[in-house]
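> After the structure tokens below, expect a handful of questions from me.
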């Protein structure tokens, strides 16, 4: 009988989308038969990306896609159409824009980021999508008129990134990654303890008989205990190393994974060939101690999360209305649902609230980029992040303040400056080369000891070198040192947008000052009235109008005039000219002479320093604010008073920095300013906001690192153009996203100290770099000689990172104490 040849084994083909094995007969595209798919879902996603010209997704990574599950319950996302659900999920909603943040645990590589940030090409209704990879979060903005929340979630689910949606408050729940680390650590601890017990006969000579009788059994049992450690506890090290290799990048976990593999495979070979007991006690102990280090680092970093900590000092305050009458100014973090607040012209709404009184004209440009005001009537919801652009309004808070959301507004990409190479960038570059040097040292060590005829020492040195090397200490130096500095400055009422601003301040060589509201203290100005006397009811009407503005001159007049609760109708603030409104039937106008004398705001703004908000004539020594009510016209004189401590501050700054003044006033006070600033300072007068911006840009083109200090109201362009823009404010209710820092006026006298402390912080970073290099140099030198066991190396590696964190934080605190901060 003829013998039939066995059928060839079927060749398994990888799915072109997710990389999983396809069935015997894979699904193929008629137009491109060379592509195989494991299921209809993967094929559908590929076709969707192909139709939208998004197949670059597959070139960024090899088989980046997620396995697509079968569609279950097509209507399971219908609950997202409910208005009550959207109110809880959406951070912002208007007729043209809705925004929310999803948790996307499936994202894992560069392709995921690229695809998720190109959702607008899959659904034109999506206007923007931004990924926070570290937190596995996706912030999506979409047009409710073009698509719906239901459609957005369906799209994400269709391409394999279905978001985790829950309406519960997850703030107190442990992060899934932290919970997994705890399980991995517990498993490693259990295996390590038991393998150590099984290895006891190797440690003591009087147990030789026990080893001879049960050695093979103990060895096999140790393998059984070690396998879960390899497959579960050490999985993250291997996964990270593999993802780095797929991106053609060798990260820190690659040498660690190499050392673990060497220990495990050598132990497996020794035990199965009866050459020895192996090193499984070292292997399990190594994983256990590295996970302990990882857990401690995570806990330490969570405790020092500067992005969370600095928002507790976030300088947005708001006027809270007290139940029994009256008002006070409180930080927004103290607001609670049900409390009532007053928001004036140009102030930001810090929390979602319902409009109770007044006509809302809300500018949502911080959120949407569109500056056209949106009208809101009594009873309608006003979202956090909007800025009132009319009369003062009363609101009732309906949702607690999310300071993380306010931080997002401050970090809006519209106000992002040009990025420059930083210390952190340099540290990461050094870290890459460091890993390559570590691999070369490990290869040299194993070669040397093998040539010496000591294979056990070769394995010991090889593993110790791979494990003890820790370039991560370099990367931790900058964020921890600068983050600690940020917290110190925050406690002194100098609020910085992010730790990188500390570095910019430390590198600065030029400081440019605005004059009115910055060098002068409007709150201390002496107020004098000239003109026909005003009756008490007329003064009350003027007080009601100026009380709706946040301009320093308006606030100074409001403080001088009698307090009033009169309502203002048809309030408006004309930039560069003045205020107008109707109070109890009286037409009130406050501002420049031309504005007060005219019935309608015409003409261009006067060339005064007050280019935004309340305008005033000025002769350099005093400002004139004209007023007309009931046909009676007069003038308030506000005499300029320079800030207390200005002379010593400028004297100290003049020794280290090039100084300049940009003022919209005339040059009447040029001699006084020359005396204050010194002969080398540049003084420029009659400067418009555009001229201020151009001057700062000119300095930067000359290679200078510029810090601009202004009042945040009429210097937004110059603040944005400078390397670091500092908005000086007497009241923390003025929120200016164009600036990099907000300095409370009470801390102005410490400006020179703050800048010196920033320079000290850069020295701390360099000191931590030196510490890290010394540690790694000594550790690697001893490891190459075989002086360390792998377990000792595993203990020392996290200690190095913790030492850098502690060293950086303590040095910054010492520098702060030395500067009396």
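The values are calculated or read from the model by the stated rules, or taken from the named source; none is laboratory data. Because the structure is predicted, anything quoted here is derived from the model rather than measured. Positions of Cβ are generated from backbone atoms using ideal geometry, with glycine treated the same way; all protein chains shown enter the neighbour counts.
> Do we have residue 116 as crowded, with 17+ Cβ neighbours inside 10 Å and in contact with a helix residue (DSSP H, G or I) (Cβ under 6 Å, 6 or more places away or on another chain) here? Spell out how you get there, then give the answer.
Numbers: crowded, with 17+ Cβ neighbours inside 10 Å: yes; in contact with a helix residue (DSSP H, G or I) (Cβ under 6 Å, 6 or more places away or on another chain): no.
Taking the combined requirement at face value, the residue does not satisfy it.
> Pick from region 559-582 the residues that are part of a loop (DSSP other than H, G, I, E, B) and under 37 Å from the mean Cα position of the chain (by Cα): which of them is farthest from residue 388 (Cα to Cα)?
Taking region 559-582 as the starting set, the residues that turn out to be part of a loop (DSSP other than H, G, I, E, B) are 561-568, 575-577.
Now restrict to residues that are under 37 Å from the mean Cα position of the chain (by Cα): 575-576.
Details: 575: 15, 576: 18 Å.
The extreme case among them is 576.
> So if I check each of 87, 106, which one is within 27 Å of residue 352 (Cβ to Cβ), modelled with pLDDT of 65 or more and within 26 Å of the chain's Cα centre (by Cα)?
On the way: 106 fails: within 27 Å of residue 352 (Cβ to Cβ).
Result: 87 is the single residue among 87, 106 that is within 27 Å of residue 352 (Cβ to Cβ), modelled with pLDDT of 65 or more and within 26 Å of the chain's Cα centre (by Cα).
> Also, quick follow-up: Would you check which residues across region 243-270 are surrounded by fewer than 22 Cβ atoms within 10 Å (Cβ to Cβ) and modelled with pLDDT of 80 or more and list them?
Within region 243-270, 261, 265, 268 meet the criteria.
> Got a number for residues in region 436-465 being farther than 10 Å from residue 784 by Cα and crowded, with 21+ Cβ neighbours inside 10 Å?
Within region 436-465, residues that are farther than 10 Å from residue 784 by Cα and crowded, with 21+ Cβ neighbours inside 10 Å number 2.
> Mind counting the residues in region 556-566 that are touching a helix residue (DSSP H, G or I) at 6+ places or on another chain (Cβ under 8 Å) and in contact (Cβ under 8 Å) with a residue 24 or more places away in the chain?
6
> Right, next: Just checking: which of the helices (runs of 4 or more DSSP H) contained wholly in region 652-731 hold 3 or more residues that are assigned by TED's automatic domain parsing to the domain that holds residue 743, over 21 Å from residue 757 (Cβ atoms) and in contact with a helix residue (DSSP H, G or I) (Cβ under 8 Å, 6 or more places away or on another chain)? Spell out the reasoning first.
Values: elements: 670-677, 689-701, 716-721.
Result: 689-701, 716-721.
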